[in-house]
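The next block holds one structure in the form of structure tokens; read it before the comments.
Every number here is computed from the coordinates shown, using simple stated rules; none is lab data. This structure is a prediction, so every number in the text was calculated from the model and none was measured. Cβ coordinates were reconstructed from backbone atoms using ideal geometry, including for glycine residues, and neighbour counts include every protein chain displayed.
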Amino acid sequence: MKTTLQTRCELLAENRNIINKGFVLENSLIKIASALVYTETDKTVDNAYLKECRGLLRKNKGAFSDFRTMNELMVSAKLAQQADPERYLEEITASYKMLHQGKVFGSKFMVLAAMNISDAGRFAEADSIIEKTKAIMKGMNKAHPVLTNEEDTCFAVLLAMTDKSVEDILTELEETYQTLKKDFSFHDNSVYSLAQVLTMKKGTIAEKCSKVVEIYNAFKDAGVKYGKDYEFASLGVLVGLNVRAEEIVNEVVDAADFLKTQKGFGMLDCSERQRLMFGAILYAGIMDEGVLSGASAFDSTIAMVIAEEIAFMMMMVAVSATAAANASH
């Protein structure tokens with residue numbers, strides 16, 4: 001495993017353990033996703049300041065707010081990264097209100113979408129980005145009403161921040177989805193999420209889809225099953241790297257194997273497929289810093305936002321699914 005990836009894995013484990021000491025009752029996956037916020041920027045968690053930021057959030061948002069409940073620790077971690085946490089909270093609140101406008105209910109996913117805008121440094125354009133987001137969501141819902149829901153708001157915002165038109169996004173998304181379905185049947189919702197991630201990236205549809213299939217098959221050849229549920233979209237962060245599929249797989253598997261040995265990433269806290277997802281996100285993160293094809297500073301920022309978004313969104317889907325399953329018993 002690359003030294004830089006090893007270091008990033010160690011930092012994620014360390015940050016997760018620090019958070020665990022200060023926030024014992026939080027869900028294990030939410031702790032990891034929150035630790036990733038610090039890890040992606042090579043920072044170590046400061047629990048005292050993280051709690052201070054949580055206090056700011058609680059002061060401004062009620063207990064049943066979408067900014068709290070399941071989102072609270074992740075939003076607090078985001079606040080802790082800011083030079084001006086109060087201004088950041090004002091920004092994401094404003095974006096959330098714009099996303100919520102015209103809808104009866106908000107959602108925890110709208111909060112993540114609102115954070116995406118500020119994290120990309122695009123709050124000044126929030127009005128136009130959200131208008132474009134709603135147009136994308138409308139088109140997605142028209143094409144696939146069963147597959148499209150509030151979860152897709154997160155990725156729709158990221159799509160809206162690309163320089164592609166709404167029409168081009170919807171056309172490429174549909175073609176990407178139909179192309180991927182040929183190789184990954186019976187997982188329509190996951191495939192649609194992956195298609196959204198690929199549509200955010202540069203390159204032709206054929207190239208991107210081919211690369212995903214190549215990487216997935218390389219995992220199979222290595223005797224590893226990459227998750228085809230909510231983890232599946234994370235394969236998209238590996239597309240665009242100027243690295244052979246076999247090398248990508250070796251590094252991601254090594255990272256996942258290392259994480260398995262760390263407290264908080266064992267069988268009781270994290271599945272093998274989730275560890276692979278985190279391995280992929282961490283690997284893509286270090287590669288985006290220097291090897292991403294044609295990367296600009298903006299491309300790298302967006303790449304990090306995409307990676308974090310996948311982690312946040314998939315963790316919330318997983319936790320929600322677990323909670324629903326427990327409630328049914």
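Tabulated data
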read-out	value
Estimated FRET transfer efficiency (ALA63, ASN17; beta-carbon r; R0 30 Å; 0.05)	0.65
Greater than 20 Å apart at Cα, pairs in LYS51/LYS97; LYS134/LYS182; LYS43/LYS97; LYS182/LYS208	LYS51/LYS97; LYS134/LYS182; LYS43/LYS97
Which of LEU241, LEU73 has the fewest Cβ neighbours within 10 Å, and the rest in rising order	LEU241, LEU73
Span-like helix ranges in the chain, DSSP H, alpha carbon extent 30 angstrom or more, Kyte mean at least 0.5	297-328
Sparse-neighbour loop sites [chymotrypsin sites (Phe, Trp or Tyr not before Pro); segment 88-120; at most 15 other C-beta within 10 Å; DSSP]	PHE105
Helical mean residue ellipticity (222 nm; -39500 (n - 2.57) per DSSP H run of 4+; nearest 500) of the chain	-22000 deg cm²/dmol
Full-stretch length increase - LYS225, THR162 - with 0.36 nm per residue and alpha-carbon distance subtracted	19.5 nm
At R0 = 45 Å, FRET efficiency that the Cβ-Cβ distance of ASP188 and THR44 yields, to 0.05	0.65
Extended-chain gain in nm, criterion 0.36 nm per residue less alpha-carbon gap, GLU131 and GLU207	24.4 nm
Relative packing of 124-133, 225-234, 26-35, 42-51, which averages over residues the other C-beta atoms within 10 Å, highest first	26-35, 225-234, 124-133, 42-51
